[in-house]
């Protein structure tokens, strides 16, 4: 894997946000412009979140997914630790099917009762075509060969490790289950293998 970025494909600046003070690293890879927020001076073993773009959840705070809450929680954890990296990957909307297709899949979920996987395949689309190579390249660029990855997705761990980034620890990033997102979370757990133990608590609380 090619780690180095050309000068035309990467830029850095200071970015002060409501969450904290970061170094913003914008970079081009695989036809998209991505962004990493770097806090402090992360070294091997740094706390890292690789976050897939979700306009509906991240920007407009849709409650049918947990993306926006995970983004907030990851940034809070990195700031609390004093160092770490959040890599925000563009082109990952709807697990890579794109925004228009994702909105069409929402119609099938709402009107036909399909889950987040079947609504994609009903449109003739794959379930997940996300590529984590740009994130691995950026982590190598920052000098990180080992990370503590905030994720519930074992496939993301395997993807980074396949590109030479050791995941020393997977740090759960759990969002409270609600009536709005429980079906989405259950599909991710039962069909995609995500580790989501909070669903057991949700079902216990729902029992009479």
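Just so it is clear, none of the values below were taken in a lab; they were calculated from the coordinates. Worth saying up front: this structure is predicted, and the values here are computed from it rather than measured. Because the Cβ atoms are built from the backbone with ideal geometry, glycine has one as well, and the counts that use them run over all protein chains shown.
Descriptive notes on the structure:
- Dmax and Rg, reported as Rg then Dmax, of the chain (C-alpha, Å): 17.3, 61
- Put simply, when 51-57, 102-108 are sorted by average Cβ atoms within 10 angstrom per residue, most first, you get 51-57, 102-108.
- Ordering of 79-91, 128-140, 15-27 by burial proxy (mean other Cβ atoms within 10 Å per residue, highest first): 128-140, 79-91, 15-27
- Model label sites at residue 191 and residue 8, defined 7 Å from Cα along the beta-carbon direction, differ in position by 4.2 nm.
- With Cα atoms, 0 to 90° folded angle of helix 67-81 axis to the chain main axis: 40 degrees
- Of 143, 45, 31, the one that fluctuates the most in a GNM where the chain has Cα springs shorter than 10 Å: 31
- Net lengthening on full extension, residue 158/residue 201 (0.36 nm per residue, minus Cα-Cα): 12.7 nm
- Rounded, prolate or oblate (a/c below 1.5 giving rounded, otherwise prolate when a/b exceeds b/c) for the range 55-133 by Cα gyration tensor: prolate
- Residue 110-residue 72 FRET efficiency (beta carbon distance; Förster radius 41 Å; 0.05 resolution): 0.95
- Simple spin-label estimate for residue 43 and residue 180 in nanometres, 7 Å along Cα-Cβ: 4.2 nm
- Prolate/oblate/rounded label for the range 5-90 (Cα gyration tensor, a/c 1.5): oblate
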